[in-house]
Amino acid sequence: MGRAQDQGKLAESMALDKLRQRGWRLLNRNWSCRWGELDLVLQKDRRLLVVEVKGRTAGHHDRNGLDAFHRNKRRRLARAISCWRSAHPDAEELLLQVILALVPLSPSQAGFRWIQVDRLS
């Protein structure tokens, strides 16, 4: 596993820990289909939360991962969510929320940023 993959797994674990502390239950981690991958899929009450995680160290020049969440990435994410929902018809009634989690991997960086994604395409 490469350094970027290690950092990605660390960022996902950090985000997952924070969400579990808030009462979210993990349904899937790194779920994939032909359209892409969903980093974290969680449920709380009647809500379904899909989290796209971007972990960055200090000095990264893509606005801490925000620039990596470009139009094509959002389109692939929307397709992967549709694929996941097709594979999990029992979750059809759940209210979907999509969050971009920008996770700092250096102690000197600011805290987590949770960004509500209102539009995927």
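What lysines sit close enough to K73 to cross-link, taking a C-alpha to C-alpha distance under 23 Å and skipping anything fewer than 8 places away on the same chain? By straight Cα distance, K73 reaches K9, K54. Computed over the stretch 71-119, the P(r) tail beyond 16 angstrom holds 55 percent of alpha carbon pairs. For L27, the residues whose amide H sits under 5 Å from its own are V41, L42, Q43, ignoring neighbours fewer than 5 places away on the same chain, with H placed 1.01 Å from N.
Since every read-out is calculated from the coordinates, none of them should be taken as a lab result. Note that the structure is a prediction, hence the values are computed from the model and not measured.
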